[in-house]
1. Yes or no: T310 modelled with pLDDT under 95, out of contact with any Leu (no Cβ under 9 Å at 6 or more places or on another chain) and crowded, with 18+ Cβ neighbours inside 10 Å?
2. Take segment 1-33 and flag every residue that is assigned to a loop (DSSP other than H, G, I, E, B) and under 21 Å from the mean Cα position of the chain (by Cα).
3. Out of the residues in segment 385-407 that are touching a residue at least 40 places away in the same chain (Cβ under 8 Å) and part of a helix (DSSP H, G or I), state the one that is nearest to R345 (Cα to Cα).
4. Provide a single number: the residues in segment 198-249 that are among the charged types (D, E, K, R), surrounded by fewer than 19 Cβ atoms within 10 Å (Cβ to Cβ) and touching a helix residue (DSSP H, G or I) at 6+ places or on another chain (Cβ under 7 Å).
5. Suppose we filter E219, E137, E225 for residues that are within 23 Å of the chain's Cα centre (by Cα) and outside the structural domain of H247 (by TED's automatic domain parsing); which single one remains?
6. Please determine, by comparing only the residues of segment 260-281 that are polar (S, T, N, Q) and either exposed (fewer than 14 other Cβ atoms within 10 Å of the Cβ) or not assigned by TED's automatic domain parsing to the domain that holds L331 (or both), which one is modelled with the highest pLDDT.
7. Please enumerate the residues belonging to segment 139-191 that are over 26 Å from Q4 (Cβ atoms), among the hydrophobic types (A, V, I, L, M, F, W, C), surrounded by fewer than 17 Cβ atoms within 10 Å (Cβ to Cβ) and touching a residue at least 24 places away in the same chain (Cβ under 8 Å).
8. Name, by its number, the condition in (1) of a type in the set (S, T, Y); (2) within 30 Å of G29 (Cβ to Cβ); (3) without any contact (Cβ under 8 Å) to a residue 24 or more places away in the chain that does not hold for Y276.
Amino acid sequence: MGPQREPIAVIGTGYVGLVTAAGFAELGGEIWCVDVDAEKIARLNRGEIPIYEPGLEESVARNRDRLHFSTELAPALEHTRLLFVAVGTPPTYSGDADLSAVHAVVDAMPASNRHALVMKSTVPVGTGTSIKRVFGERGKAGFSYVSCPEFLKEGSALEDFLAPDRVVVGDDGDWAGDAVVELYAPLNAPLVRTDINSAEMVKLAANAFLATKISFINEIANVCEETGADVLEVARGMGLDRRIGSHFLRPGIGFGGSCFPKDVSALKQLAGNSGYHFQLLTAVIEVNELQKRRVMAKLQKHLGSLVGKTVALLGVAFKPQTDDMREASSLVLAARLQADGARVRAYDPAAANEARKLMLGVDFADSPLAALQGTDACVLVTEWPEFADLDFCEVARLMRGKVVVDGRNFFDRSRVEAAGLTYEGIGR
């Protein structure tokens, strides 16, 4: 890595923006971070990290002198040429991506021949073309545009940034694309340099395929339950086929988070808006929703009516090593349990504060054992590593009932059953 790195701006300091800023800071160079949320910027300037992501707090502290946080765009425009856009694009009720934050960034850009927007936010195919048209209509045709989708997994996002599977750069073959390629060169990652539309599609297609793989193995798990097969053995046998691979062949209670549900819906909607009915993704979404209902069926099989019963949820974040509650399975489970008359108790080592805002009426405990005290059943929702160390004899002593629904096939079944508890996995 050379001593001189081009300074860049990052607009949006959420998961993607803050990790991108920290990652580029690790490589050297000045990073100008801009966000409209004044409170978030104030916290960042105090050294407080508003999200939970392993290694991020340490990285920001280590590179504090290189990172500049502000609510003002002007300093970023003054000091940088490349403005990485990492604002939210949540789904609307129709399933389309909400691009209002992206449009706000575009509207804020001045006419310039030396700047480029580099789109990190996940956007529908055609967004870049639309933005370039808007620039042209507003006398800003000199503003360049690059699509550079992110492939960060929450829980390992900083590691993913510094050791990516690939870097995708979609551009018009101008200086901006060259500059982005140069920024990523120290990472020595495979480079896919292509047109803007194809780069935008890569992100949507990749996430839709991974979601499809998850829904497929969940369907196999459901058939395994009916036929007496063990889905873990089936997945092991499938995963050794190099054409399939073992990644994302882990059955459970469905995918969640900020990417898979949103991107699958967005691609399905994009196809529909283009006149094509993407039948496969319709099934992927349906399977994912039905998977949560199967947990309810497992509880009812053992408990009968859930009225007056107390059920503990172990983990509420959509995955371990994050406090992200977006599209978390726990939200659906808690709501359905409460609708069926059950009391819900929960524990999560990182996401409890955020979850309290979303899971009204749920009693949050300070430890797994406190959450399990006096419950009729428990459901493992998020496979946090600390749950692997549970003393199931103590669990059995504390619980009023015996039912353990392992929603991620995470527990050692023999240990659970040896403690006198009733084990229910997924597809086993």
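The values are calculated or read from the model by the stated rules, or taken from the named source; none is laboratory data. Keep in mind the model is a prediction, meaning the values are calculated, not measured. We place every Cβ from the backbone using ideal geometry, glycine too, and count neighbours over all the protein chains shown.
1. Numbers: modelled with pLDDT under 95: no; out of contact with any Leu (no Cβ under 9 Å at 6 or more places or on another chain): yes; crowded, with 18+ Cβ neighbours inside 10 Å: yes.
So T310 fails the test.
2. Selection gives G12, T13, G14.
3. Result: F387.
4. Residues in segment 198-249 being among the charged types (D, E, K, R), surrounded by fewer than 19 Cβ atoms within 10 Å (Cβ to Cβ) and touching a helix residue (DSSP H, G or I) at 6+ places or on another chain (Cβ under 7 Å): 2 in total.
5. Of the residues listed, the single one that is within 23 Å of the chain's Cα centre (by Cα) and outside the structural domain of H247 (by TED's automatic domain parsing) is E219.
6. Q279
7. Answer for segment 139-191, where residues must be over 26 Å from Q4 (Cβ atoms), among the hydrophobic types (A, V, I, L, M, F, W, C), surrounded by fewer than 17 Cβ atoms within 10 Å (Cβ to Cβ) and touching a residue at least 24 places away in the same chain (Cβ under 8 Å): there is none.
8. (2)
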